1. Among what's in region 135-176 and is aromatic (Phe, Trp, Tyr) and either out of contact with any Leu (no Cβ under 8 Å at 6 or more places or on another chain) or not in a helix (DSSP H, G or I) (or both), pick the residue that is farthest from ligand 2 (Cβ to nearest atom).
2. From (1) under 30 Å from Ala264 (Cα atoms); (2) of a type outside the set (Lys, Arg); (3) part of a strand (DSSP E or B), pick out the condition that doesn't hold for Tyr23.
3. Quick check on Gly179: is it small (Gly, Ala, Ser), open to solvent by 40 Å² or more (accessible area, probe 1.4 Å), away from ligand 2 (no atom under 14 Å from the Cβ) and at pLDDT 95 or above?
4. Hey, among Met293, Met248, which residue is in a helix (DSSP H, G or I), touching a strand residue (DSSP E or B) at 6+ places or on another chain (Cβ under 9 Å) and of a type outside the set (Lys, Arg)?
5. Quick check on this structure: which one of Ala115, Ala146, Ala135, Ala90 is of a type in the set (A, V, I, L, M) and either within 7 Å of ligand 1 (Cβ to nearest atom) or more than 22 Å from Gly60 (Cα to Cα) (or both)?
6. Six or more apart or on different chains, Cβ under 7 Å: which pairs go from a residue in region 150-166 that's open to solvent by less than 50 Å² (accessible area, probe 1.4 Å) to one that's within 11 Å of ligand 1 (Cβ to nearest atom) and of a type in the set (S, T, N, Q)? Could you list them?
7. Taking region 109-130 as the region of interest, how many residues are assigned to a strand (DSSP E or B) and out of contact with any Phe, Trp or Tyr (no Cβ under 6 Å at 6 or more places or on another chain)?
8. With the requirement that a residue be in a strand (DSSP E or B) and of a type outside the set (Gly, Ala, Ser), what does region 326-357 give you?
Amino acid sequence: METMKEQINKIFKERFGKNGTLYASAGRINLIGEHTDYNDGFVFPGAIDKVIMAELAENGTDKVRVFSIDIDEYAEFGLREEDAPTQGWARYIFGICREIQKRGGTVKGFDAVFAGNVPLGAGLSSSAALESCFAFALNDMFNNNAIDKFELARIGQSTEHNYCGVNCGIMDQFASVFGRKDHLMRLDCRSMEYEYFPFDPKGYKLVLVDSRVKHELKDSPYNRRRESCERVAKELGVKSLRDADMAMLDAAKDRISEEDYKRARYVIGEKQRVLDVCDALNAGDYKKVGEKMYETHEGLSKDYEVSCEELDFLNDVAKEMGVTGSRIMGGGFGGCTINLVSDDLHDRFITEAVVRFKEKYGHEPQIYDVIISDGARKVEE
Ligand code: ADP
Ligand code: MG
């Protein structure tokens, strides 16, 4: 089978009659640290072995000409604000160009062909992979890599905000840009400091089970969760729940609603769980990592109440089978569970999860094995 790289090379040559330079970036998982970003807490992502790969070459014009292999569409656009393309996928690339220019960076006309294998809309952030691939490439081609990596992540985030209508945080782009093979990263969402931790789970695999359900909720539950957190922080006299601990929360129990109490208990617990996972990883204790993942699921389901029947079911199946760790990944109300599965259980777990889920809900979940890998980079020929 033709590799992605060979396919891109071939199509680039056919379309543009020359060779360019290859770049790639990756999708991401978040091992633990959910609903913590807006509480100034920690997230714990890593880049995965699912990538967007692009070949680029300067073309001497003031136009970008780009072909998407997977969507089988071509787009051509200028580099001024009024030149925005209409195709959704091209707007990510246009946005990256514009955000680099807005920061005083250089972007000249270029030709590009790209493809990827990050599943779209499955919670692995294919959009961040696309953004950081092009941000990294344009930084390398036109800016001597003068834009620092954090700014590359911000360029991706601003692209989502300003050109794609997605009001996202920084985690996805951060993970995609900074990802490093066999390492996860603890990002402090307050100070933006980050630290790498070794993640090389010998004898285990990371498996995502995508329920392929997304419950549309009318009453904006995410905003209500945020409001709960803000109310409790205010009551405790702290800037955000990052600054609170369980003793403070318990001391204020009479002054807050039962619901707000539960929300805050989850967030405060989650902060500690991330720190516990860091210690466990430093000690190579993957059983402990798995325990914390189950605790997070429990908290998201019972206290934060952002789970749903399908995700709780997948979590139960994992637990019954003795899977080491399992939890909802992402905001909740659908999407994936992330599972830390021992090698000997791996195949049986997948079969059982698929069969039992289908029996109950009528469709098969999608399975993705992931390996923690490098983020944005130049691909050596
Ligand atoms: P995700 O959760 O995967 O980031 P989004 O809806 O944020 O989902 O981003 C998906 C969008 O990113 C797609 O609709 C498309 O515009 C773009 N995209 C992602 N991967 C590719 C790809 N391989 N080829 C073309 N466009 C892609
Ligand atoms: Mg996205």
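1. Phe142
2. Against the list (1) under 30 Å from Ala264 (Cα atoms); (2) of a type outside the set (Lys, Arg); (3) part of a strand (DSSP E or B), Tyr23 comes up short only on (1).
3. So Gly179 fails the test.
4. Met293
5. Only one candidate qualifies: Ala115.
6. Pairs that qualify, where the first residue is open to solvent by less than 50 Å² (accessible area, probe 1.4 Å) and the partner is within 11 Å of ligand 1 (Cβ to nearest atom) and of a type in the set (S, T, N, Q), are Ala153/Gln173; Gly156/Gln173; Gln157/Gln173; Glu160/Ser127.
7. 5
8. Arg327, Ile328, Met329, Cys336, Thr337, Ile338, Asn339, Leu340, Val341, listed by residue number.
The values are calculated or read from the model by the stated rules, or taken from the named source; none is laboratory data. This structure is a prediction, so every number in the text was calculated from the model and none was measured. Counting neighbours? That spans all protein chains shown, and the Cβs are built from the backbone with ideal geometry, glycine included. The area values use the complete protein model at the heavy-atom level, side chains included, leaving out ligands, DNA and RNA. Shrake-Rupley method; radii C 1.70, N 1.55, O 1.52, S 1.80 Å.
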